[in-house]
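Worksheet for the structure shown next.
The values are calculated or read from the model by the stated rules, or taken from the named source; none is laboratory data. Treat the numbers as computed from the prediction; the structure is a model and nothing was measured. Note: accessible area is taken over every heavy atom of the protein model, side chains too, but ligands, DNA and RNA are not part of it. Shrake-Rupley method; radii C 1.70, N 1.55, O 1.52, S 1.80 Å.
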Amino acid sequence: MRAVVAKRVERGDADLSEIGELARAAGYEVVGELTQTREEDAAFAFGEGKVDELAALSVETGADAVIVDNRLGPYQTYNIGGTLPEGVEVIDRFTLILDIFGQRAQTRKAQLQVELAELRYELPRAEAKTSLAKRDERPGFMGLGEYDESRERDIKNQIADIKRELDAIAEKEETRRDQRRESGFDLVALAGYTNAGKSTLMRRLAAELDVDENEGRHPDLDTTAESEDRLFTTLGTTTRRADTGKRDVLLTDTVGFVSDLPHWLVESFESTLDSVYHADLVLLVVDASEPVEEMREKLVTCHDTLYERNEAPIVTVLNKIDRVDEDELAEKREALSALAPNPIAVSGLTGDRVDELRDRIERELPDWRFERLVLPLGDDTMSLVSWVHDHANVESEEYEGEQVVLEFEARPSVVERARAKASDLAAVDA
């Protein structure tokens, strides 16, 4: 499929690099580009003369679609479509992103979230079709699709049904997070702009551990996380057990953020972002090889997305340092210090300084509690000792006559469970 990409900005020069990447990620060949600097036109978004240029460029390049790196209203889509050659589709930024999401959705949850976002996007367009039909302006609806009188009602019913199913999935995932914490796991989420290298970094952190041993206890753990130089490689969540040192850490990779997303699109993926919002620690990954202004804009986007609901501390990870020298890295650290205080710089690709990241993760996770248990010697006690070894960091285990003295550090919930089990043993022994 061939596409012309276009963008309107109110001031400065329009940058088409990202929309070009998005178009290629969706499977389009970019065959033409057009930009305009002016205030938004209510009817066409662009000026009418520029839309005529867009139509001529579509004919010249044989384009199948015009992809606009702006948010188009239903009537703007209709008006631009009426100017373009027959058969040329009008696609705005958010339709394109939804197309990519739809191609990448593998799990039921991801598919539901994509469908929800598509329906929320389509709803105002269905309302516009109703209005156009009442005015008898029907032919093809110029990029809006055919008119169906019942479609608006159907969309609202489908949205309600999908939200109920996603709520049920979210409840199960919350229960699973609680079970993991009770089992002694710390939950760390990778967040960041799309294509920042999160999946590569995840594979590096988990490279020395096999998650197969956990399949029975945590059947949702994936053994792979794709690492490709393209946008939105990861759509759902991928969780793997990470090697950080003495603590048991589950690391979750999530869909990448992208700038200028409307609230309905972010809300559609709210249950995926729950793995970030409810983590014990968030690693905010940034591509250190990009220009500092782009890094700043992307950090702002990420912080805006996380701001209202995130509960965990955030550590900024400057990734891809194999592509920058030390002087440039130092300048970027200084320039971004307000948004990213005390960041850690690594290369997920080469593994450079990843050990420092592992140490930082351990330091930033919530404090463990120390506990000393004195237990009566017996078979049930040995079962408890074994359980503590599986869920905590045991510092000493000593046998004194008919007693076992166990000293360990663990999450508060694990300490409480160990105390309860010890109390049961003491009661039986008495």
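Before moving on, here are some points about what is shown:
- Percent carbon-and-sulfur accessible area, region 277-358, ignoring ligands, DNA and RNA, probe 1.4 Å: 46
- Mean separation of Cα contacts under 8 Å (6+ apart) over length of region 331-430, as relative contact order %: 26
- Cross-link reach list, lysines versus K109, counting only Cα pairs under 16 Å and skipping chain neighbours closer than eight places: K163, K172
- Nearby lysines by direct alpha-carbon distance to K320 (threshold 28 angstrom, same-chain neighbours under 8 apart not counted): K198, K246, K298, K332
- Rg over Rh [alpha-carbon atoms, Kirkwood Rh] for region 1-41: 1.03
- For K50, the lysines whose Cα falls under 26 Å of its own Cα, not counting residues fewer than eight places away in the same chain, are K7, K129.
- Pairwise Cα inverse-distance average, inverted: Kirkwood Rh of region 308-430 (Å): 17.9
- Region 329-349 and region 48-114: distance between their alpha carbon centers, rounded to Å: 37
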